[in-house]
Amino acid sequence: MRRRSSKPFIAVGKSWAIGCPTARSASHDAQGEDRMKIDVLVVGAGFAGSVIAERCAAAGKSVLIIDKRDHIAGNAFDESDAHGLLIHRYGPHIFHTNSEMVVDYLTRFTDWIPYEHRVLAVVEGQTYPIPINQTTINKLYGLSLDEQGVAEYFNRVREPREPIRTSEDVVLSSVGRDLCDKFFRGYTRKQWGLDLSELAALVAARIPVRTNTDDRYFTDSFQKMPKEGYTKMFARMLDHPNIRIEVGTDFASVRDRYEWKTLVYTGPIDEYFGFCYGKLPYRSLRFEHEHLAGTSKFQPVGTVNYPNDHAYTRITEFKYLTAQQHSGTSIVREYPEAEGDPYYPIPRPVNQDLFQRYKALAEAEPNVFFVGRLAQYRYYNMDQVVAAALTTAKSIGV
């Protein structure tokens, strides 16, 4: 892991509203002697922007990276709460990957601690492992099936659907109606504000089902957490003499102050083009953090899902993720909402059609690279966005 003694320079700017630029006026064509000249402007200091900024700086380019929030690290931002426990402000971020390239890159900026995430779901007052596995089936139905027996059970209850178009098709054809209604339908309606039948198949396609007793949420070969947290990893990544950081700074507020050769944009693609075709729909989240003094452990695993009860979808207890020792514990409840900061692109064909219109505009922008969850209107795991950013950096020529 690379370390430097100096800390990155972080300047806090003002937040300005972006107007309604056309596709052409959104690019930075104007010249001005009073503007500071830089090689690369990066909009957004999350994984996509920070990785590209580091790669460009390492190649000798001058980089300005900005973020409209008052911190770096994007949604992976973590911090110590008032009680000294490391918490994830924007909900749990569990790092897992099968990519040696991604691990090798990030290990330059952090040490790791092992962590295998486990999730339980509360159904009718009882807890069951998620993803659904052999233990789930046997406990739920009072059975004692082995792997073959569970596979045969799934074959008996599944409802084949052809063609597979929706998430409901995926779940029913995999585990049948009872498991679908108990574990998936209610959670999906809370999470997305839509029924399974209204969502594209790819949402449920990400949910595995197992016949063995493996109760890990992920099965990737590398499952670890940054030893000192994500924010410190990002700080080391951006600690380079060629990088200037401005947080609390909106894209619009730097356009008259800087002149750049290359723009890397990781914000919402529809916002970049002034919402000229209308807004792309997103699902948002509200986080309710709570510290429980004198409670050493609140729940038996890192995350407990509540598919059918309460307004929140899940509760995460951070001590599992960070391995901290403390007499109290800190948790977060997640409440999906229709309005607020954009978190999840809503996967419906009509939304994808709208994105394709914006994508066509983006492809016509000279020297502008759109990368990341918001800029590409797609769900990314953290390792996937790091890989995409490394690929984009090569496209820039570094």
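The values are calculated or read from the model by the stated rules, or taken from the named source; none is laboratory data. Worth saying up front: this structure is predicted, and the values here are computed from it rather than measured. Here the Cβ positions follow ideal geometry from the backbone for every residue, glycine too, while neighbour counts run over all protein chains shown.
Scanning region 219-234 for residues that are among the β-branched types (Val, Ile, Thr) and crowded, with 17+ Cβ neighbours inside 10 Å yields one hit, THR231. Take LYS261 and decide whether it is over 30 Å from LEU321 (Cβ atoms) and in contact with an Asp or Glu (Cβ under 7 Å, 6 or more places away or on another chain). Yes; evaluated as a whole, the condition is true for this residue.
Would you be able to tell me the number of residues in region 94-116 that are surrounded by fewer than 20 Cβ atoms within 10 Å (Cβ to Cβ) and under 19 Å from the mean Cα position of the chain (by Cα)? Show your work before the answer.
At the first step, the residues of region 94-116 found to be surrounded by fewer than 20 Cβ atoms within 10 Å (Cβ to Cβ) are 98-101, 103-105, 107-108, 111-116.
Of the ones still in play, those that are also under 19 Å from the mean Cα position of the chain (by Cα) are 98-99, 103, 105, 115-116.
Residues in region 94-116 being surrounded by fewer than 20 Cβ atoms within 10 Å (Cβ to Cβ) and under 19 Å from the mean Cα position of the chain (by Cα): 6 in total.
Would you mind stating whether ALA26 is at pLDDT below 95 and crowded, with 20+ Cβ neighbours inside 10 Å? The answer is yes for ALA26. Only helices (runs of 4 or more DSSP H) whose full extent lies in region 281-398 are considered here, and the ones with at least 3 residues that are farther than 20 Å from LEU120 by Cα are 349-363, 382-396.
When we screen SER50, SER80 for residues that are surrounded by 22 or more Cβ atoms within 10 Å (Cβ to Cβ) and either modelled with pLDDT under 95 or hydroxyl-bearing (Ser, Thr, Tyr) (or both), the only hit is SER50.
Restricting attention to region 33-86, the residues that are closer than 21 Å to LEU106 by Cα, in contact with a Lys or Arg (Cβ under 7 Å, 6 or more places away or on another chain) and in a loop (DSSP other than H, G, I, E, B) add up to 1. The criterion of at least 1 residues that are of a type in the set (Gly, Ala, Ser) and in contact (Cβ under 8 Å) with a residue 24 or more places away in the chain is met, among helices (runs of 4 or more DSSP H) falling completely within region 101-190, by 147-157, 167-179.
Report yes if some residue within region 369-379 is over 30 Å from GLU168 (Cβ atoms), hydrophobic (A, V, I, L, M, F, W, C), at pLDDT 95 or above and within 16 Å of the chain's Cα centre (by Cα); otherwise report no. Explain how you work it out, then say what you get.
We begin by selecting, within region 369-379, every residue over 30 Å from GLU168 (Cβ atoms); these are 369-371.
Right, trim to hydrophobic (A, V, I, L, M, F, W, C) and you get 369-371.
Those still in the list that are at pLDDT 95 or above too: 369-371.
Restricting the remaining residues to those that are within 16 Å of the chain's Cα centre (by Cα) gives 371.
Within region 369-379, one or more residues are over 30 Å from GLU168 (Cβ atoms), hydrophobic (A, V, I, L, M, F, W, C), at pLDDT 95 or above and within 16 Å of the chain's Cα centre (by Cα).
Quick check on region 204-218. Is at least one of its residues surrounded by 21 or more Cβ atoms within 10 Å (Cβ to Cβ), in contact (Cβ under 8 Å) with a residue 40 or more places away in the chain and not in a loop (DSSP other than H, G, I, E, B)? Within region 204-218 (the criterion being surrounded by 21 or more Cβ atoms within 10 Å (Cβ to Cβ), in contact (Cβ under 8 Å) with a residue 40 or more places away in the chain and not in a loop (DSSP other than H, G, I, E, B)), the answer is no, since none of the residues qualifies.
Per-residue answers, yes or no, for (1) buried (at least 16 other Cβ atoms within 10 Å of the Cβ); (2) of a type in the set (Phe, Trp, Tyr); (3) within 19 Å of ALA76 (Cβ to Cβ):
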position	(1), (2), (3)
VAL264	yes, no, yes
ILE269	yes, no, no
PHE273	yes, yes, no
TYR306	yes, yes, no
LEU321	yes, no, yes
GLY340	no, no, yes
PRO347	yes, no, no
GLN352	yes, no, no
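The condition of being in the same structural domain as THR136 (by TED's automatic domain parsing), basic (Lys, Arg) and at pLDDT 95 or above holds for only one of ARG189, ARG216, ARG210, that being ARG189.
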